[in-house]
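Notes follow once the structure below has been shown.
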Amino acid sequence: MNAETSKDPMVHVIDHPLVQHKLTLMRQKDASTNSFRTLLNELAMLMAYEVTRDMPTHQVEIETPLETMMAPMIDGKKLVLVSILRAGTGILDGMLTVVPGARVGHIGLYRDPKTLQAVEYYFKMPKDTQERDVIVVDPMLATGNSAVAAIERVKALKPKSIKFVCLLTCPEGIATLRQAHPDVTIYTAAVDRQLNDHGYILPGLGDAGDRIFGTQ
Ligand code: URA
C-alpha cells in the first residue's frame with residue numbers, strides 16, 4: 001500500500017490474518033483451479049463480513065426456548081450484488097453464501113486487449129434498484145476501466161449506495177476509480193505494487209478469470 005492509499009478513508013484494505021493467508025495461497029502459481037476457486041469463495045465470505053458491517057438491521061420478535069425477545073435481523077433483499085462477468089462470479093458465490101437473500105445483477109464487460117478499454121456486452125439488474133444498496137464485485141481492480149464503466153451503468157439506476165469489492169488492486173486502479181467515482185468505497189484484500197504494460201497487476205496472481213475457470 002502506498003502513502004496516498006493508506007490515508008484514503010474510501011479505501012478499506014481488509015488486513016485480517018485469515019484473509020491475508022488465503023490470498024497468499026491464491027497468489028502461488030501452482031495452486032490448482034479447484035483450490036483457487038475454493039479459496040476465492042472463502043475469501044469472499046470473509047470480505048462480505050467486513051463490507052456489510054454497516055448494513056441496516058430491524059428488530060423482530062422471536063421466541064427462544066425460554067422467553068420472547070426482540071432481536072436484530074438484516075433484510076438481505078435490500079442488497080444487490082453486481083458481478084462483473086466473468087471473474088466477478090468467483091466473489092459473488094462466496095458473498096451469496098453469507099447473504100443468500102441478496103438480489104443479483106450482472107454486467108458483461110470485456111477488456112479490449114489493444115486499448116484496455118471496457119466494452120459492454122450484457123447488462124441485467126433487478127427491479128427497483130433505487131430502493132437498494134449495491135455492491136459491485138470483481139476480483140481485480142487493475143486499470144480501473146471496467147469498474148468505472150460498471151459503476152456508471154449502476155449509478156444511472158440511482159441505487160441508495162454503491163460499494164466496490166475486489167480481491168487485489170494497485171495504485172493505478174484505485175486512482176482511476178477514485179477520480180471517476182469519488183463517492184464509491186473500495187474494499188480490497190491488498191494493494192499491490194503496480195500495473196504492467198498489459199494491464200496486469202504486479203506481483204498479482206495472474207488472470208483471475210482463467211484461474212477460477214481453468215481456461216488457460
Ligand atoms: N485482470 C486479471 O485477471 N488479472 C490482472 O492482473 C489484471 C486484470
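The values are calculated or read from the model by the stated rules, or taken from the named source; none is laboratory data. It should be emphasised that the depicted structure is a prediction, and the values quoted were computed from it without experimental measurement. Reconstructed Cβ throughout: ideal geometry from the backbone, glycine too, with neighbour counts over all protein chains shown.
Which residues, taken from segment 27-71, are of a type in the set (A, V, I, L, M) and touching a strand residue (DSSP E or B) at 6+ places or on another chain (Cβ under 9 Å)?
If the condition is that a residue be of a type in the set (A, V, I, L, M) and touching a strand residue (DSSP E or B) at 6+ places or on another chain (Cβ under 9 Å), then Ala44, Met47, Ala48, Val51, Met55, Val60, Ile62, Met69, Met70, Ala71 are the ones that fit.
Considering only segment 160-213, state which residues are over 18 Å from the mean Cα position of the chain (by Cα) and either away from the ligand (no atom under 14 Å from the Cβ) or more than 20 Å from Ala31 (Cβ to Cβ) (or both).
Within segment 160-213, Gln179, Arg193, Gln194, Leu195, Asn196, Asp197, His198, Gly199 meet the criteria.
Take Val191 and tell me if it is closer than 30 Å to Pro17 by Cβ and touching a residue at least 24 places away in the same chain (Cβ under 8 Å).
Taking the combined requirement at face value, the residue satisfies it.
Report, ordered by the first and then the second residue, all pairs with beta carbons closer than 9 Å, sequence separation of six or more or different chains, a first member in segment 162-175 that is within 16 Å of Ser83 (Cα to Cα), and a second member that is of a type in the set (D, E, K, R) and part of a strand (DSSP E or B).
Short answer, once both residue conditions are applied: Ile162/Asp133; Lys163/Asp133.
I'm told Leu81 meets every condition in (1) of a type outside the set (Ser, Thr, Tyr); (2) outside any loop (DSSP other than H, G, I, E, B); (3) more than 21 Å from Arg153 (Cβ to Cβ) except one. Can you identify the failing condition by its number?
So the condition that Leu81 fails would be (3).
Keeping to segment 50-102, report how many residues are surrounded by 10 or more Cβ atoms within 10 Å (Cβ to Cβ) and among the acidic types (Asp, Glu).
Summing the residues that are surrounded by 10 or more Cβ atoms within 10 Å (Cβ to Cβ) and among the acidic types (Asp, Glu) in segment 50-102 gives 3.
Checking Leu66 against (1) modelled with pLDDT of 95 or more; (2) under 30 Å from Phe213 (Cα atoms); (3) outside any helix (DSSP H, G or I); (4) not aromatic (Phe, Trp, Tyr), which test does it fail?
Going through the list (1) modelled with pLDDT of 95 or more; (2) under 30 Å from Phe213 (Cα atoms); (3) outside any helix (DSSP H, G or I); (4) not aromatic (Phe, Trp, Tyr), Leu66 breaks only (2).
Which of the residues belonging to segment 129-157 are surrounded by fewer than 24 Cβ atoms within 10 Å (Cβ to Cβ), assigned to a helix (DSSP H, G or I) and within 16 Å of the ligand (Cβ to nearest atom)?
Those that are surrounded by fewer than 24 Cβ atoms within 10 Å (Cβ to Cβ), assigned to a helix (DSSP H, G or I) and within 16 Å of the ligand (Cβ to nearest atom): Asn145, Val148, Ala149.
Those residues that are within 16 Å of the ligand (Cβ to nearest atom), touching a strand residue (DSSP E or B) at 6+ places or on another chain (Cβ under 8 Å) and either touching a residue at least 12 places away in the same chain (Cβ under 8 Å) or under 19 Å from Leu40 (Cα atoms) (or both), I need them from segment 89-116; list them, please.
Listed by number, the residues that qualify are Thr89, Ile91, Leu92, Ile107, Gly108, Leu109, Arg111.
Within the set of pairs 6+ apart or on separate chains, which have a first residue in segment 117-128 that is free of Cβ contacts under 8 Å to residues at least 24 places away in the same chain, a second that is part of a loop (DSSP other than H, G, I, E, B), and C-beta atoms under 9 Å apart?
Val119/Asp112
With the requirement that a residue be closer than 19 Å to Ile174 by Cβ and either touching a Phe, Trp or Tyr at 6+ places or on another chain (Cβ under 7 Å) or crowded, with 19+ Cβ neighbours inside 10 Å (or both), what does segment 200-216 give you?
Ile201, Gly204, Leu205, Ala208, listed by residue number.
Could you tell me how many of the residues in segment 94-128 are outside any strand (DSSP E or B) and more than 14 Å from Gly76 (Cα to Cα)?
So the answer is 10.
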